[in-house]
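Everything below concerns the one structure shown next.
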Amino acid sequence: QVQLVESGGGLVQPGGSLRLSCAASGSIASIYVMGWHRQSPGKARELVATITNGGRTNYADSVKGRFTISRDYSKNTVSLQMNSLKPEDTAVYYCDASDGRIRLSWGQGTQVTVSS
């Protein structure tokens, strides 16, 4: 089993920055892809960004150029640097891990609120 714990959410003004982190533990050798998703009230959960073990990244069009996903393999963490935040980025952000075919785990979620 894989366990994921997120941290780093909070309240930020429009145009500001936040950095989210997700620490993985357990059967980490089975992880191939890690990613971030988000869910706003009344909306479906959506993909934000993913990164493979080889460092290949993928981003939602809405965050390209503003968000950066990265992994620290020595610490088994994945991070999401979020810059130029907009009110529409407000959501609960979830970390996930998969073996490339099957999702192994979700984190518990961390709230990000962008508001003046």
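The values are calculated or read from the model by the stated rules, or taken from the named source; none is laboratory data. This one's a predicted model, so the numbers in the text were calculated from it and none came from an experiment. Cβ coordinates were reconstructed from backbone atoms using ideal geometry, including for glycine residues, and neighbour counts include every protein chain displayed. When the accessible area is computed, the model is the full protein with side chains, heavy atoms only, and any ligands, DNA or RNA have been set aside. Shrake-Rupley method; radii C 1.70, N 1.55, O 1.52, S 1.80 Å.
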Among the residues of segment 34-52, what is the count of those that are over 16 Å from LEU85 (Cα atoms) and out of contact with any Asp or Glu (no Cβ under 8 Å at 6 or more places or on another chain)? 10
So ASP61, is it modelled with pLDDT of 95 or more, out of contact with any Ser or Thr (no Cβ under 6 Å at 6 or more places or on another chain), among the acidic types (Asp, Glu) and more than 18 Å from VAL112 (Cβ to Cβ): yes
For GLU46, work out the one condition from (1) under 12 Å from the mean Cα position of the chain (by Cα); (2) within 19 Å of SER17 (Cβ to Cβ) it doesn't fulfil. (2)
Identity of the residue in segment 1-20, among the small types (Gly, Ala, Ser) and part of a strand (DSSP E or B), that ends up farthest from the chain's Cα centre (by Cα): GLY10
Tell me which of these SER115 doesn't satisfy, since it passes every other one: (1) over 16 Å from GLY9 (Cβ atoms); (2) at pLDDT 95 or above; (3) in contact with a Leu (Cβ under 9 Å, 6 or more places away or on another chain); (4) open to solvent by 20 Å² or more (accessible area, probe 1.4 Å). (1)
Residues of segment 1-20 satisfying the condition of being open to solvent by less than 60 Å² (accessible area, probe 1.4 Å) and within 14 Å of ARG103 (Cα to Cα): VAL2, LEU4
Pick out, from segment 21-109, the strands (runs of 3 or more DSSP E) lying fully within it that include 1 or more residues that are farther than 18 Å from GLY8 by Cα and open to solvent by 50 Å² or more (accessible area, probe 1.4 Å). 46-52, 57-59, 103-106
Cβ-Cβ below 6 Å, separation at least six or inter-chain, first residue in segment 63-76 and among the charged types (D, E, K, R), second open to solvent by 50 Å² or more (accessible area, probe 1.4 Å): which pairs? ARG66/ASN83; ARG66/SER84
